[in-house]
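Every number in this text was worked out from the coordinates using simple rules, so none of it is lab data. Computed from a predicted structure; not experimentally measured. When we count neighbours, we look across all protein chains shown, and the Cβ atoms used for this are built from the backbone with ideal geometry, even at glycine.
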Amino acid sequence: MLSETEVQNLRETIPGEGKYIYCIIAIDNCEFLNFGPLGIGGRGDELYTISYKPEGSGWASDSPTHKTIAAVVSNSPIKKYSVAREYLIPHERAIEEVMKAYTVLPVRFATIAEDEKKVKTILEKDFDKILDLLEKMKGKIELGLKAIFKEDIYNYILKEYEEIRTLKEKLATLPFEKSYYQRMEIGKMVETALEKEKANLKEDILNNLSPLALETKANNTYGERMIINVAFLVEKNREGEFDQKIQELGAKYEDKVKFKYVGTLPPFNFVNLVIETGKY
């Protein structure tokens, strides 16, 4: 636990330094929270809270909506962080650590406020919006899934589609110059077959998983082998059901599809607060 002097040192404004904002949480009072030396940049900066609680304005102190919200921050140089693993990973890990005990609203990567006063101004300005989002995300987690063909796509299509396989075998006996256009036609047939396979698999996977999710977000796929890359927003108490369904799909498509399943995650794909700080 940090001493009062250490806490005060953290909260001081240092020339050239700002407050890097990772996420926002709701707490029951204005207590100072410290999550350890998890700050971005590799300096061992402490991860701690800067809180805001509205005063007066008809708020009842015993009201369940009368909350304190807090930004989880660390001290950081005021600089533009590149979108690189050495910075992205600490950013995400810090949020994941806070998520172990609190509902979190992830803030956009590389958001830096000039000082504690600026952070409090941001929290005051967006208080109602933040509180609504925190309530919406309460008890929810993000689960990620990528489905990827196990083997070379071309060989898979040849194995599954007799028409294409037969034509390829026939062309193998002909000189290249005499079968150029037929080979181009095979290429088109393979492409069509591949899209058909992906569409069928994607539909079946999503039909099984989407009913268990509150929201889904399709992300970009990479390479020919990837079928889907999807994030699911799921009630925490349904994570077991979701896990079971993933296992069933894994068994069903064991011969041809590899599933990369990631969780439990903060809702990175469903909340990404963009805070205008005037800095990077």
Long-range amide H partners of I228, meaning residues 5 or more apart or on another chain whose placed amide H is closer than 5 Å, are A147
Dividing the helical contributions, -39500 (n - 2.57) per DSSP H run of n ≥ 4, by the residues of the chain yields a 222 nm value, nearest 500 deg cm²/dmol, of -12000 deg cm²/dmol
Taking every other residue with Cβ under 14 Å from the Cβ of E239 and scoring Lys and Arg +1, Asp and Glu -1, one gets 0
Over all Cα pairs of the range 122-192, the Kirkwood radius sets Rh, and Rg/Rh then becomes 1.55
Burial-style ranking of 31-40, 229-238, 184-193, average other-beta-carbon count within 10 Å with highest first, yields 229-238, 31-40, 184-193
Net charge (Lys, Arg +1; Asp, Glu -1) of residues whose beta-carbon lies under 12 Å from that of R225, R225 excluded, is +2
Total charge of the residues flanking G263 in space, meaning their Cβ is under 10 Å from its Cβ, with Lys and Arg +1 and Asp and Glu -1, is -3
Hull surface over four for the Cα convex hull of the range 139-280, reported in nm², is 12.4 nm²
The alpha-carbon pair-distance distribution computed for the range 196-280, with 5 angstrom bins and whole-percent values, is 3, 11, 22, 24, 17, 10, 5, 4, 3, 1, 0
Ranked output for segments 216-223, 99-106, 17-24, 122-129 by mean other Cβ atoms within 10 Å, highest leading, reads 17-24, 99-106, 122-129, 216-223
Computed from the beta carbon distance with a Förster radius of 25 Å, FRET efficiency for I89 and E239 to the nearest 0.05 stands at 0.60
Quick numbers on the range 80-220, Rg and Dmax over C-alpha atoms in Å, give 25.3, 77
